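Report on one structure; see the data block that follows.
The values are calculated or read from the model by the stated rules, or taken from the named source; none is laboratory data. As the structure is a prediction and not an experimental result, all values here were calculated from the model. Protein only, heavy atoms only, side chains kept; ligands, DNA and RNA dropped before computing areas. Shrake-Rupley method; radii C 1.70, N 1.55, O 1.52, S 1.80 Å.
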Amino acid sequence: RLFHAGFTAAVGIRIEDLATGTTTEIPGTGQETSNVYAMCFRQGVDGEGVHPVCDGLVNSTGKPATLETIGTSVLAQNELTLYSRQLPTSSFGYFLTGPNLSFQAVGSGILCIGTPVARYSNSPLFSGPEGVVRFDIDFFNMPAGTTPIVGQTDIFQYWYRDVGGTSNLSTAQAVTLR
């Protein structure tokens, strides 16, 4: 299914399901800003069990951070790697996961994972001079409160510190375990 979403800090987020015409609104902060964001995203499963569900917002590099998956969503093979690219250099952050799709303004970005949200790694990852981080998912050593099950879909996203002391988030990917 195809969705369209618009976001401003003052008004909030408005999400329209283009298939059904239904609309969901999440209130904003009420503070005026000249920034208006729009995105389109898909919800559904492709043949590989991995698909994008949410766009990232522009960061201090002038581009949104991306999230890519390499490997397989086959649980028994335990070979899935997450990459986040187009990050500010030498920034730190964490990969997040959760079973629910949501849209919440967080810092300068949109958190696309609804509660419960789990964080990978007890130590932050650093993007270095290339603006890239990598994390190998271990399905048999998941964050507390998460248990992988074949057929389950989890959303993955990277949360990072941007220049100027704010935070931002990458694009998000849904992974359906096979």
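Per-residue accessible area (protein heavy atoms, 1.4 Å probe) orders Ser73, Ser102 as Ser102, Ser73, starting from the largest. The candidates Thr153, Thr72, Thr147, arranged from most to least accessible area with a 1.4 Å probe in the full protein assembly, appear as Thr147, Thr153, Thr72.
For the range 152-159, putting each phi into the Karplus relation 6.51 cos²θ - 1.76 cosθ + 1.60 with θ = phi - 60° gives couplings of 6, 10, 10, 9, 10, 7, 10, 10 Hz, in residue order, rounded to whole numbers and with x for Gly and Pro.
Projected over every direction and averaged, the convex hull enclosing the alpha-carbon atoms of the range 66-178 yields 6.4 nm².
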